[in-house]
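First comes the structure, then the notes that go with it.
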Amino acid sequence: MPLKNMNMLAEPKLRALQDLVKTSSKEELIWMNGFLAGLLSNGSAVSAPQAVVQEQPVAAPPAPAAPAVQKITIVYGTETGNSKKLATEFATKAKKQGINAKVVSLDQYRLNDLPKEEYLFTVISTQGEGEPPATAKKFYDHIHNNGTRLDKLKYGVLALGDTSYPLFCKAGEDVDNQLHKLGAQRMVSLQKCDTDYQADADAWFAQVLQKLQSGGVPASNGTTTATVTAPAATKKSGGKKVYTGTVLTNINLNDRGSSKATHHIEIAAEGVEYLPGDSIGVVAENPEGVIRAIVSLTGVDASKIVAATEPRTVYDLLKKKLNITWLPERVVRNYAKLVQQDIPDTKISLLDLLRIYPVKDAAQFEEVLGILEPITPRLYSISSSPAAHSGEVHITVAKDTFMVNDERRCGLCSDYLLQMPENTSFEFYVHRNNQFRLPDHDKDIIMIGPGTGIAAFRSFLWERDAVGATGRNWLFFGEQHFQTDFLYQTEIQNWVQTGVLTHVSLAFSRDQPYKVYVLHRMLEQAMELYRWIMDGAYIYVCGAREPMSVDVDYTLLQIIERFGGKKPTEAIEFLDKLKEEGRYLKDVY
Ligand SMILES: Cc1cc2nc3c(=O)[nH]c(=O)nc-3n(C[C@H](O)[C@H](O)[C@H](O)COP(=O)(O)OP(=O)(O)OC[C@H]3O[C@@H](n4cnc5c(N)ncnc54)[C@H](O)[C@@H]3O)c2cc1C
Ligand SMILES: Cc1cc2nc3c(=O)[nH]c(=O)nc-3n(C[C@H](O)[C@H](O)[C@H](O)COP(=O)(O)O)c2cc1C
């Protein structure tokens with residue numbers, strides 16, 4: 001096609017393009033071709049100015065050359081959909097360049113295919129404390145525990161993470177290192193991405209595609225450095241839009257006599273943007289009493305300004321920045337070195353550590369401040385709906401309590417939120433979960449959400465009611481006692497009355513001599529449940545990862561076997577297909 005047909009390019013630009021084309025080698029032209037295709041498929045190319053055009057005959061640009069590498073596999077491990085989104089974008093870009101790109105979730109990837117693979121690109125996030133997402137665990141364990149050589153393989157890893165966490169992009173880093181150890185050749189350096197991952201990911205895609213176009217040559221020295229994003233300590237948390245919220249309501253949903261405390265917290269936040277299925281991330285402040293005890297134990301001057309990433313008082317660091325409630329073993333090891341004492345590898349609070357293995361003096365404690373890690377954000381599923389509660393987010397927070405040496409203690413962030421008086425302001429961000437979205441309005445949904453799992457489904461139900469969705473809604477909810485623990489009872493009953501909830505199945509585990517959980521209710525309603533699934537219903541699970549969500553898997557398999565007349569392997573395939581179709585979705589923790 002002659003370039004004159006590109007009648008959107010004004011004269012000076014056209015000339016510049018011609019000059020560039022004339023002076024470029026074939027490889028450079030191929031690279032530019034890929035780069036522009038990448039920009040366009042990403043929708044990030046700037047819109048063309050309205051120029052008056054002068055047509056000029058010029059030399060034809062090179063026809064897209066067949067890529068040197070024709071087939072690649074892109075695998076992803078994701079918890080909230082970011083890695084899947086990027087893997088899919090990468091595949092689209094590769095396909096536009098004539099590369100046959102297969103995209104597979106790591107939980108669907110056949111591990112036996114790995115030694116046969118020639119080009120494998122992994123997009124993987126980090127979860128928990130530096131762990132791979134649950135869907136990537138099998139792959140992660142396999143490459144770490146199975147010594148099969150991968151000498152044929154050329155690979156690249158795009159690691160997603162968040163610099164607010166001390167083990168930034170650890171899972172991706174591990175996969176990158178481990179594939180290298182197994183003999184695979186690193187084609188491009190590991191790219192670590194913060195929460196504002198798009199630009200880094202796009203640059204990485206362009207780099208990989210360029211290499212694939214020119215023959216898939218591995219990185220010359222095989223090391224992992226190059227374009228790695230700065231580490232946690234030096235990079236400010238990128239791309240997160242931080243909102244200031246004001247607590248409007250903070251009430252306990254459990255009645256007197258309950259062994260639990262689950263608070264419904266309404267937060268006003270101007271301009272807050274989210275979708276049902278999202279969570280908010282909160283960085284808690286440490287409890288005042290613990291800080292006072294630490295100051296008195298160490299003799300440190302709380303008002304002294306010390307140099308951290310920015311100068312702050314000791315008090316400020318202890319209150320707002322540093323994790324002091326539950327130190328990871330690596331921090332305890334560093335503490336042992338610093339205070340030169342023998343301390344077993346263990347997790348412990350800073351106060352307990354200081355009591356058992358005291359610092360020499362206040363100056364040594366100031367050094368301890370330097371080895372502590374930041375407080376990590378905790379997530380809470382949003383229980384409100386943008387359509388029904390404009391300018392607000394609601395959350396449903398269960399008090400986390402546990403015993404340490406016969407003393408009852410509370411989790412940091414749940415306690416911080418539960419104690420927050422009305423009118424208090426605090427900061428939060430929205431953590432998007434593109435994996436956990438409502439379907440079209442006319443689709444049926446089955447929601448399985450015992451305990452705080454109800455939070456996301458309160459959001460779903462308010463939203464579906466507000467937008468007039470026509471699909472049917474079935475809720476499975478469970479707690480300990482009907483009398484004291486039926487969270488959002490009035491709202492749920494109203495939804496039943498108004499027909500928003502077609503079915504509600506309740507399980508109060510401790511109201512009878514034997515335990516009854518949502519699984520039992522699912523089995524009791526198995527035939528109807530199976531009918532809903534066959535009619536196209538979407539299944540959602542929210543709440544405790546273990547044992548609840550694992551038991552739900554197992555229960556669904558039983559139902560599919562029994563009512564679908566399927567063998568166990570066929571039932572697994574059936575459930576896998578539902579997952580692939582995005583009809584079996586989990587948000588579990
Ligand atoms: C996607 C997602 C959505 C979520 N949604 C919700 C929700 O809607 N509602 C909700 O309530 N929660 C939700 N959570 C869980 C929530 O993020 C927190 O994990 C939970 O509130 C506990 O945090 P915490 O800071 O209170 O406890 P932490 O301080 O983090 O303590 C957690 C555990 O660590 C141990 N521990 C901590 N300190 C010590 C110590 N000094 N000594 C011994 N052991 C210790 C205890 O076992 C304790 O139970 C969600 C999590 C995720 C990932
Ligand atoms: C509970 C939780 C724990 C996390 N732990 C880490 C971590 O240890 N290191 C890290 O770099 N990122 C961590 N992250 C951030 C995620 O990796 C980041 O949000 C990423 O974009 C998620 O991608 P995904 O949607 O593909 O799972 C954590 C996120 C959550 C919700």
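The values are calculated or read from the model by the stated rules, or taken from the named source; none is laboratory data. What you are looking at is a predicted structure, and each value in this text was computed from that prediction instead of being measured. Cβ: placed from backbone, ideal geometry, glycine included. Neighbour counts: every protein chain shown.
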Pairs where the first residue, in the stretch 429-453, is farther than 26 Å from residue 160 by Cα and assigned by TED's automatic domain parsing to the domain that holds residue 548 and the second is buried (at least 23 other Cβ atoms within 10 Å of the Cβ) and modelled with pLDDT under 95, C-beta under 9 Å, 6+ apart: none
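Being more than 16 Å from ligand 1 (Cβ to nearest atom) and in contact with an Asp or Glu (Cβ under 8 Å, 6 or more places away or on another chain), is that true of even one residue in the stretch 312-324?
Keep residues of the stretch 312-324 that are more than 16 Å from ligand 1 (Cβ to nearest atom), which gives 312-317.
Still in the running and in contact with an Asp or Glu (Cβ under 8 Å, 6 or more places away or on another chain): 314.
Checking the stretch 312-324: at least one residue is more than 16 Å from ligand 1 (Cβ to nearest atom) and in contact with an Asp or Glu (Cβ under 8 Å, 6 or more places away or on another chain).
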Which numbered condition residue 560 misses (of (1) free of Cβ contacts under 8 Å to residues at least 40 places away in the same chain; (2) within 16 Å of ligand 2 (Cβ to nearest atom); (3) of a type in the set (Val, Ile, Thr)): (2)
Per-region count, the stretch 318-377, residues in a loop (DSSP other than H, G, I, E, B) and touching a Phe, Trp or Tyr at 6+ places or on another chain (Cβ under 8 Å): 8
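For residue 64, are the conditions met, namely being part of a loop (DSSP other than H, G, I, E, B) and modelled with pLDDT under 95? Steps first, answer last, please.
Details: part of a loop (DSSP other than H, G, I, E, B): yes; modelled with pLDDT under 95: yes.
Yes: the conditions hold for residue 64.
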Residue count, the stretch 139-168 (criterion: in contact (Cβ under 8 Å) with a residue 60 or more places away in the chain and hydrophobic (A, V, I, L, M, F, W, C)): 4
Where a residue in the stretch 568-589 is exposed (fewer than 14 other Cβ atoms within 10 Å of the Cβ) and its partner, wherever it lies, is assigned to a helix (DSSP H, G or I) and not aliphatic (A, V, I, L, M), with Cβ under 7 Å and at least six apart: 568/561
Count of residues meeting criterion [within 13 Å of ligand 1 (Cβ to nearest atom) and touching a strand residue (DSSP E or B) at 6+ places or on another chain (Cβ under 7 Å)] in the stretch 430-451: 8
Which numbered condition residue 129 fails, given (1) out of contact with any Lys or Arg (no Cβ under 7 Å at 6 or more places or on another chain); (2) more than 15 Å from residue 376 (Cα to Cα); (3) of a type outside the set (Lys, Arg): (2)
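Collect the residues in the stretch 383-412 that are more than 8 Å from ligand 1 (Cβ to nearest atom), part of a strand (DSSP E or B) and either under 21 Å from the mean Cα position of the chain (by Cα) or buried (at least 17 other Cβ atoms within 10 Å of the Cβ) (or both), keeping them in residue-number order. Walk me through it before giving the result.
Keep residues of the stretch 383-412 that are more than 8 Å from ligand 1 (Cβ to nearest atom), which gives 384-394, 403, 405-408.
Cutting the leftovers down to part of a strand (DSSP E or B) gives us 392-394, 403, 407-408.
Answer for the stretch 383-412, where residues must be more than 8 Å from ligand 1 (Cβ to nearest atom), part of a strand (DSSP E or B) and either under 21 Å from the mean Cα position of the chain (by Cα) or buried (at least 17 other Cβ atoms within 10 Å of the Cβ) (or both): 392, 393, 394.
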Test: residue in the stretch 147-161 that is assigned to a helix (DSSP H, G or I) and away from ligand 1 (no atom under 16 Å from the Cβ): no
Meets criteria (of a type outside the set (A, V, I, L, M), within 21 Å of residue 72 (Cβ to Cβ) and within 16 Å of ligand 2 (Cβ to nearest atom)) for residue 162: no
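Out of 271, 277, 289, report the one residue that is assigned to a helix (DSSP H, G or I) and either at pLDDT 95 or above or not basic (Lys, Arg) (or both). Full working, then the answer.
On the way: 271 fails: assigned to a helix (DSSP H, G or I); 277 fails: assigned to a helix (DSSP H, G or I).
Only one candidate qualifies: 289.
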Condition check for residue 100: away from ligand 1 (no atom under 16 Å from the Cβ), touching a Lys or Arg at 6+ places or on another chain (Cβ under 7 Å) and either assigned by TED's automatic domain parsing to the domain that holds residue 545 or modelled with pLDDT of 95 or more (or both): yes
Residues within the stretch 429-452 that are away from ligand 2 (no atom under 16 Å from the Cβ), not charged (D, E, K, R) and not in a strand (DSSP E or B), tallied: 6
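For residues that are part of a loop (DSSP other than H, G, I, E, B) and touching a residue at least 60 places away in the same chain (Cβ under 8 Å), scanning just the stretch 185-220, find the one that is nearest to ligand 1 (Cβ to nearest atom).
Keep residues of the stretch 185-220 that are part of a loop (DSSP other than H, G, I, E, B), which gives 187-190, 194-197, 214-220.
Retained after the next criterion (residues that are touching a residue at least 60 places away in the same chain (Cβ under 8 Å)): 187, 197, 214-216, 218.
Numbers: 187: 33, 197: 18, 214: 41, 215: 42, 216: 37, 218: 37 Å.
So the residue we want is 197.
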Test set (1) within 11 Å of ligand 1 (Cβ to nearest atom); (2) more than 30 Å from residue 534 (Cα to Cα); (3) part of a strand (DSSP E or B); (4) out of contact with any His (no Cβ under 9 Å at 6 or more places or on another chain) - residue 416 fails condition number: (3)
The stretch 67-97, subset hydroxyl-bearing (Ser, Thr, Tyr), closer than 16 Å to residue 204 by Cα and under 16 Å from the mean Cα position of the chain (by Cα), residue farthest from ligand 2 (Cβ to nearest atom): 76
